[in-house]
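The values are calculated or read from the model by the stated rules, or taken from the named source; none is laboratory data. Remember, it's a predicted structure, so these values are computed and weren't measured experimentally. Every residue, glycine among them, receives a Cβ derived from its backbone with ideal geometry; neighbour counts consider all protein chains shown.
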Amino acid sequence: MNLQTNSGAAEMPKGVPYIIGNEAAERFCYYGMRAILVVYMTQYLFNMQGQLAKVDPATAKAWYHLFSSAVYFTPLMGAVISDVFWGKYLTIIRLSLVYAVGCFVLALFGNTAGMFVGLTLIAIGSGGIKPVVSANVGDQFTKDNQHLMKKVFSIFYFAINFGSFFSTLLTPVLLKWYGPKVAFSVPGFLMILATLVFWVGRKRFTVVPPAGIRQYKDALLSPAGKKALIHLSGFFLIVSFFWMLFDQSSAAWILQAEKMDRVVDLRFFIFQYDWLHFELLASQTHAMNPVLVMILIPIFTYGIYPALQKFFNVTSLRKMTLGMFVAALSFVIIAMAEAHLQNGEVVGVIWQLWAYILLTCAEVMVSITALEFAYTQAPPNMKSIIMGLYLLSVTLGNLIAAGVNYFIKNPDGSEKLAGADYFWFFTILMVIAAVVFAISSKFYKEESYIQEDAGKAA
């Protein structure tokens, strides 16, 4: 995928390589930190008195989902700051520094107070830049080269998972061998690198200036603005159930992996090297997701979607509908694996591989599509706020998951939804949401808001 740019109107925008590089480094930071968060809370956390204060799995899952919900709530704040006051470039630079500080707070203070302060700063920084970065990708295009937007959003998502894959493999090893200080510091340095890459590309970006409070208010109250807010909010509300499932792959699935046989033997035919026989850490199993994303993006883009297009029009809403049903199937596999574990059977981590394949197919159909959909359906002065509303669906999904984990916890430490029942419960919720989304999408007429002309350099 060539990201080199020239001056031709239909060429790839010049700022895209810097945005992609920034995103890869930033996602290394976020997913690396997130991959070890549940393990950190259940095995490494200290209280204010310096005593080991490991939390139980249900509480760890609830705290994890509350943090994830905060990360995806603050995009609304970042969107307003960007669209009204600072503009996208300054918002990304300033909040990225807050983000990096949060990582170093986690590294330096290994107690509950340090964890909450660090995670709060990360939620403000990471969440604040999320809708701005996504909208900034779309801002690089005009009607002359908008046909390249689908490709770049796919590359953008590829970069997310490129960073996620390596961080998900590396950070758990850093935690095991060097402890939380090093494990959280490395993502912090990657966040600084991400900010530096973005700053280096500042002269090549197309920059859409902030609208200002009056123009922003007029855009929100216009017929197109009201339609976008009302109709898209309904869709994003239903999409939250997808994120309710997806983000459990970094929490409940990891705790399930702790109970599985995680030995991997890749020795076959002439490859008899000992290093091909190893045991995965439980938190490393999530690395299956980003590597599968990198494999599946070109398969869907150049194979599955064109093949389906021969039979029916593959719209964004149809992609997302199918993705939700596939996500439910992934949890069916996880529920079946959990049932075998409950019966005392030895269950290999290969079960989770099949589940990850389905969940990642769902992610490609829902998440990548929703990013582009949110941008194209948003009027020009509302790009960041609509992106923020979309990301709010991740907040709601994690709040649902956190609420369920709090509700099912009994005073004696047991759980109301134990074992496979826990996963079957979420599977049923996902199927219901997918049916509602399929019905609702039949009544929506898609728009296409693309800026007419390129902006100016930063």
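Per-structure values
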quantity: The stretch 331-363: number of residues that are under 15 Å from Ala282 (Cβ atoms), in a loop (DSSP other than H, G, I, E, B) and in contact with a strand residue (DSSP E or B) (Cβ under 6 Å, 6 or more places away or on another chain); calculated: 0
quantity: Unmet criterion (only one of (1) surrounded by fewer than 23 Cβ atoms within 10 Å (Cβ to Cβ); (2) without any contact (Cβ under 8 Å) to a residue 60 or more places away in the chain) for Phe85; calculated: (2)
quantity: Hey, Leu76 at pLDDT 85 or above and either of a type outside the set (S, T, N, Q) or under 25 Å from Pro298 (Cβ atoms) (or both) or not; calculated: no
quantity: Near pairs, Cβ below 8 angstrom, 6+ apart or cross-chain, from the stretch 320-336 (farther than 23 Å from Leu417 by Cα) to any residue that is among the acidic types (Asp, Glu) and assigned to a helix (DSSP H, G or I); calculated: Gly323/Glu363
quantity: Flag for Val404 being free of Cβ contacts under 8 Å to residues at least 24 places away in the same chain and on the phi < 0 side of the Ramachandran plot; calculated: yes
quantity: Search result, residues across the stretch 392-425 that are among the acidic types (Asp, Glu) and part of a helix (DSSP H, G or I); calculated: Asp421
quantity: Residue satisfying all of: in the stretch 288-323; among the charged types (D, E, K, R) and not in a loop (DSSP other than H, G, I, E, B); surrounded by the most Cβ atoms within 10 Å (Cβ to Cβ) among these; calculated: Lys319
quantity: Residue in the stretch 243-255 that is charged (D, E, K, R), touching a helix residue (DSSP H, G or I) at 6+ places or on another chain (Cβ under 9 Å) and more than 20 Å from Tyr72 (Cα to Cα) present; calculated: no
quantity: All helices (runs of 4 or more DSSP H) inside the stretch 172-287 with 1 or more residues being small (Gly, Ala, Ser), at pLDDT below 90 and over 22 Å from the mean Cα position of the chain (by Cα); calculated: 213-221, 223-246
quantity: Of residues in the stretch 371-381 being over 12 Å from the mean Cα position of the chain (by Cα) and either over 13 Å from Glu446 (Cα atoms) or of a type in the set (Gly, Ala, Ser) (or both), the one surrounded by the fewest Cβ atoms within 10 Å (Cβ to Cβ); calculated: Pro380
quantity: Near pairs, Cβ below 7 angstrom, 6+ apart or cross-chain, from the stretch 364-376 (in contact (Cβ under 8 Å) with a residue 40 or more places away in the chain and closer than 14 Å to Thr321 by Cβ) to any residue that is of a type in the set (Gly, Ala, Ser) and surrounded by fewer than 24 Cβ atoms within 10 Å (Cβ to Cβ); calculated: Thr369/Ser316; Phe373/Ser316
quantity: Residue list for the stretch 379-390, restricted to those being at pLDDT below 80, within 20 Å of Pro223 (Cβ to Cβ) and among the hydrophobic types (A, V, I, L, M, F, W, C); calculated: Met382, Ile385
quantity: Wholly enclosed helices (runs of 4 or more DSSP H) of the stretch 13-101 bearing at least 3 residues hydrophobic (A, V, I, L, M, F, W, C), touching a His at 6+ places or on another chain (Cβ under 9 Å) and under 30 Å from Gly413 (Cα atoms); calculated: none
quantity: Selection status of Glu345, under 26 Å from Phe165 (Cβ atoms) and of a type in the set (Asp, Glu); calculated: no
